[in-house]
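To keep things clear, I will list the structure first and then write my remarks on it.
Just so you know, all these numbers are worked out from the coordinates, no wet-lab data involved. The structure displayed is predicted, hence computed values, not measured ones. All Cβ positions, glycine included, derive from the backbone under ideal geometry; neighbour counts span all protein chains shown.
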Amino acid sequence: MQGDVAGERSASAPARDLQPPAPVGKSDFTVPVSEDDLRRVDAQYEQEARQLQANVDRRLRDRQLVQALAQHGFRGLEYDHFVEELVRYGVSVLRAWMHSGCIFGFVADRGFGLSPHELELEELASDSDLREDLAMMTVARALPPFRQRALVEGRWTYEGGASITTYFMGACLYVFPNEFRRHRASSERQRRLLLRQQAIYEDPVDPFSTADEVVSRQYVLAKLRAIKDERTQAAVALTLDGYTQEEIKELLDATSTRAIEGSLYRWRIKEQRRGGEQVG
């Protein structure tokens, strides 16, 4: 040290210079502590103690559960019920994290710098279906390695300090970045596809075209522009161009043809409710 912090004096200063200038009076130690202060301190300690005990109790229950599941090789009805509850919990938590945007801070702490754009954050906050899709895919991909490492290999332990659900959410945070990157790449492909589709539908009208063809093209273009969801917009445009749902699934990087069917079905229902004529 170059000197004491308070006075910047040398460490070789006489010891008497570092002592209090005068004896401390008894009255300095007899300032009363109010009962309200004591109650607040006691309440804080009690709350912390309850939280610690609740964590211990939860981990004890988790250890008993894992031991019971291990007797059947982490298979069977009990394990299926365990997975069902874990999936429900994981999806709920991931949806909340995506809605608030805090999930990007959690994955950044683990070395995954996704650097979401403001528009991506707005999309996650406003699009419940997107949050559901990303959460379901993340949980589905996290489950197999979680089962193998945490349960079969016994990497989760009571002594580790985390509950089994907390441990699982940690596993999900290592999977989410890849799922979000897939969504980001898919969105970019859809954006480029829409640009191509718009170029097709917005080509200059052939002066020899009939009036009906012109009206039809303008009508279809108006319908496409009215669709706010880009994935649905692309699916409708491709359907009108004669692509099969299997081909659309590949082009849009959708999870299944049922997802494409669902998008088209919801769009048709909305059109019917608006009193519009169905297209395609």
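Each peptide in 65-77, 181-193, 247-259 was scored by the mean count of other Cβ atoms within 10 Å over its residues; highest first, the order is 247-259, 181-193, 65-77.
Counting only other residues whose beta carbon sits under 13 Å from that of residue 158, what net charge do I get with K and R as +1, D and E as -1? Combined, the nearby Lys, Arg, Asp and Glu give +2. Distance from the Cα centroid of the range 132-181 to that of the range 58-118 is 5 Å (rounded to whole angstrom).
Rounded, prolate or oblate: which fits the range 71-149, taking a ≥ b ≥ c as square roots of the Cα gyration tensor eigenvalues, rounded meaning a/c under 1.5, else prolate when a/b beats b/c? Verdict is prolate for the range 71-149. FRET efficiency for the pair residue 67 and residue 185, taken as 1/(1 + (r/R0)^6) with r the Cβ-Cβ distance and R0 = 45 Å, rounds to 0.60. Working from label points 7 Å from Cα in the Cα-to-Cβ sense, the residue 244 to residue 60 distance is 6.0 nm. Across the range 163-171, rounded Karplus estimates of 3J(HN,Hα) from the backbone phi angles (6.51 cos²θ - 1.76 cosθ + 1.60, θ = phi - 60°) give 6, 5, 6, 4, 4, 5, 5, x, 5 Hz, Gly and Pro being marked x.
Distances between placed amide hydrogens fall under 5 Å for residue 157 paired with no residue 5 or more residues away or on another chain. Label separation (residue 118 vs residue 81): 5.0 nm, computed from points 7 Å beyond Cα along the C-beta direction.
Ordering 160-168, 134-142 by mean Cβ neighbour count within 10 Å, with the highest value first, yields 134-142, 160-168.
Remark: the residue 272-residue 253 segment gains 4.1 nm on full extension, using 0.36 nm per residue and subtracting the alpha carbon distance.
At an R0 of 51 angstrom, the distance between the Cβ atoms of residue 46 and residue 126 translates into a FRET efficiency of 0.80. Please state the shape class of the range 43-184: rounded when a/c is under 1.5, otherwise prolate if a/b exceeds b/c and oblate if not, all from the C-alpha gyration tensor. Oblate, because a/c is 1.5 or more while a/b does not exceed b/c. Label positions at residue 92 and residue 192, each projected 7 Å from the Cα along the C-beta direction, are separated by 4.1 nm.
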